[in-house]
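**Student:** The structure is given below, and queries will be raised subsequently.
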Amino acid sequence: MPRAAFITRQDIVSRTKIGGNTDEDKFTENIQFAQDIKLRALIGVGLLTKLKADVVGSTLTGDYLALVQNQIKDYLVYAVASDFMILAGYDINNGGANEYQPENGNALSQTEKDRVSTLTENKAESYGRLLIEYLDDNKALFPEYKKTGSTSVYNGWNFLSDV
């Protein structure tokens, strides 16, 4: 079955510090993880499954399309970028794991990488809170979105899970 992607490379490079010459295949892992794990924790399995099926079937319209374009993309762009920023300087190939060193620049220290990633993750969390507020305020539009009352911790923030 084809995999659904709610965001593209262009969405990420146009809204973050990630350069436009970054290969699309470098984002694939991060996009899939952010959607399957991080987004699922915020919107729940039911709504995520519905949205993925609509994207794959090219039937994403109306309120669901608006949800993806106006709420979910905002969250995913920064969720993907924060993970990518930590891993971007590393390659793993037949020769082992290597750290990339730019020819015309200086690689950031681990502390600086962590700081930039944390700032970007904070943006993702802010958009995640806005996404949950939007869904809470518009429950009637998204019957697949259900709160179970259980909470989970997401990078220091408590969210209702399987919503």
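Derivation of every value follows stated rules applied to the coordinates shown; laboratory data play no part. Quick caveat: nothing in here was measured; it's all calculated off a predicted structure. We place every Cβ from the backbone using ideal geometry, glycine too, and count neighbours over all the protein chains shown.
**Student:** Grab the other residues whose beta carbon is less than 14 angstrom from that of ARG129, score K and R as +1, D and E as -1, and report the net.
**Tutor:** -4
**Student:** Short version: ³J(HN,Hα) in whole Hz for each residue of the stretch 61-74, in order, from phi by Karplus 6.51 cos²θ - 1.76 cosθ + 1.60 (θ = phi - 60°), x for Gly and Pro, what are they?
**Tutor:** Result, ordered by residue: 9, x, 4, 5, 4, 4, 4, 5, 5, 9, 10, 5, 4, 4 Hz.
**Student:** Taking the stretch 19-92 on its own, what percent of its Cα-Cα pair distances exceed 15 Å?
**Tutor:** On the way: 1587 of 2701 pairs.
Value for the stretch 19-92: 59 percent of Cα pairs lie more than 15 Å apart.
**Student:** Something else now. What's the local net charge at ASP36, with K and R +1, D and E -1, over the other residues with C-beta under 13 Å away?
**Tutor:** Its environment carries a net charge of +2.
**Student:** How about the stretch 1-62: which trypsin sites (Lys or Arg not before Pro) there are in a DSSP loop, with at most 13 other Cβ atoms within 10 Å of their Cβ?
**Tutor:** ARG3, LYS17
**Student:** To continue, here is another question. Residue by residue through the stretch 17-25, what is 3J(HN,Hα) from phi via Karplus (6.51 cos²θ - 1.76 cosθ + 1.60, θ = phi - 60°)? Round to whole Hz and write x for glycine and proline.
**Tutor:** Once rounded to whole Hz, the list reads 7, 6, x, x, 8, 6, 5, 4, 5.
**Student:** Something else now. Could you list which residues have their amide H under 5 Å from that of LEU108, counting only those 5 or more apart in sequence or on another chain, with H placed in the peptide plane?
**Tutor:** none
**Student:** Turning to a different aspect of this structure: How large is the direction-averaged shadow of the alpha-carbon convex hull of the stretch 62-146, in nm²?
**Tutor:** Mean orientational projected area (the stretch 62-146, Cα hull): 8.3 nm².
**Student:** Which chymotrypsin sites (Phe, Trp or Tyr not before Pro) in the stretch 26-130 sit in a loop by DSSP (not H, G, I, E or B) and have at most 10 other Cβ atoms within 10 Å of their own Cβ? Numbers along the way, then the final one.
**Tutor:** Details: sites: PHE27, PHE33, TYR64, TYR75, TYR78, PHE84, TYR90, TYR100, TYR127; in loops: PHE27, TYR100.
Filter output for the stretch 26-130: TYR100.
**Student:** So what J values fall out for the stretch 122-134 if you push phi through Karplus, 6.51 cos²θ - 1.76 cosθ + 1.60 with θ = phi - 60°, rounded to Hz, Gly and Pro as x?
**Tutor:** Values per residue, Gly and Pro as x: 4, 5, 4, 5, 5, 5, x, 5, 5, 4, 4, 4, 4 Hz.
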